[in-house]
Amino acid sequence: MTAYLPRLGLMALLVSAGGCYEFQPDTPAGPSELPPAAYVTVRIEYRQPNTCQNAAGSCAQRVVFFASWMRPGEEFPLEPSPGFLWVGQATNVPVNWPPVGPPHLVRIYDPHLVDTPTAGVTASRLKVGGQVLSVYDDAGTPAEVGRVHVDANAVGHNPY
């Protein structure tokens, strides 16, 4: 019986070693999970020109705010305030400051400016989170937009 023990041990070793050996190395760990997105409510202010440039006479219409984080239908009218000022609160604004990805694109539709080269669309005289915008794309055209980053304190920042 002792003659069978070495053979039995050798056979057990071959069976256990041959069926489980892995020839591929482990894959490296993937990227870490993204932190949960932060959202804030941001104050929007727009100073309207004091003269209406709209031959159709619809200068009594409200000013409307648009932004790149909004889905169609989420744009909203601003409320009139003394001194040709329009104000509102943009909710669920994704925080992207310090700069993470591209800045948000924002603009206003102003019925006072319908008969100008921008056809009523502008980002001029616009404040987002207290920041006067100074970086624009397609300025002076109907495609004009302002660029802004927003921090976790709902403060706007012009891009570098």
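Being modelled with pLDDT under 80 and among the hydroxyl-bearing types (Ser, Thr, Tyr) is the filter; apply it to the stretch 1-47 and report the residue that is nearest to the chain's Cα centre (by Cα). Once the filter is applied, the top-ranked residue is Ser32.
Among the strands (runs of 3 or more DSSP E) confined wholly to the stretch 48-107, which include 3 or more residues that are at pLDDT 95 or above, touching a strand residue (DSSP E or B) at 6+ places or on another chain (Cβ under 9 Å) and hydroxyl-bearing (Ser, Thr, Tyr)? No strands (runs of 3 or more DSSP E) qualify here.
Residue-by-condition table, conditions (1) of a type in the set (A, V, I, L, M); (2) closer than 24 Å to Gly156 by Cα:
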{"position": "Pro25", "(1), (2)": "no, no"}
{"position": "Ala55", "(1), (2)": "yes, no"}
{"position": "Cys59", "(1), (2)": "no, no"}
{"position": "Leu85", "(1), (2)": "yes, yes"}
{"position": "Ala90", "(1), (2)": "yes, yes"}
{"position": "Val100", "(1), (2)": "yes, yes"}
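Pairs are defined by a Cβ separation below 6 Å, a sequence spacing of at least 6 or placement on different chains, a first member in the stretch 131-144 that is in contact (Cβ under 8 Å) with a residue 24 or more places away in the chain, and a second member that is assigned to a loop (DSSP other than H, G, I, E, B) and of a type outside the set (Val, Ile, Thr); the pairs so defined are Leu133/Ala123; Ser134/Asn158; Val135/Asn158; Val135/Pro159; Pro142/Ala119; Glu144/Ala123; Glu144/Asp138.
The residues of the stretch 70-114 that are within 20 Å of Pro142 (Cα to Cα) and either open to solvent by less than 20 Å² (accessible area, probe 1.4 Å) or touching a Pro at 6+ places or on another chain (Cβ under 8 Å) (or both), listed by number, are Leu78, Pro103, His104, Val106, Ile108, Asp110, Pro111, His112, Leu113. Here Pro117 clears all of (1) more than 26 Å from Pro98 (Cβ to Cβ); (2) open to solvent by less than 70 Å² (accessible area, probe 1.4 Å) except the condition numbered (2).
The values are calculated or read from the model by the stated rules, or taken from the named source; none is laboratory data. Please read all numbers here as calculations on a predicted model, not as lab measurements. Glycine also receives a Cβ, built like all others from the backbone with ideal geometry; neighbour counts cover every protein chain displayed. We work out accessible area using only protein heavy atoms, side chains counted, and drop any ligands, DNA or RNA first. Shrake-Rupley method; radii C 1.70, N 1.55, O 1.52, S 1.80 Å.
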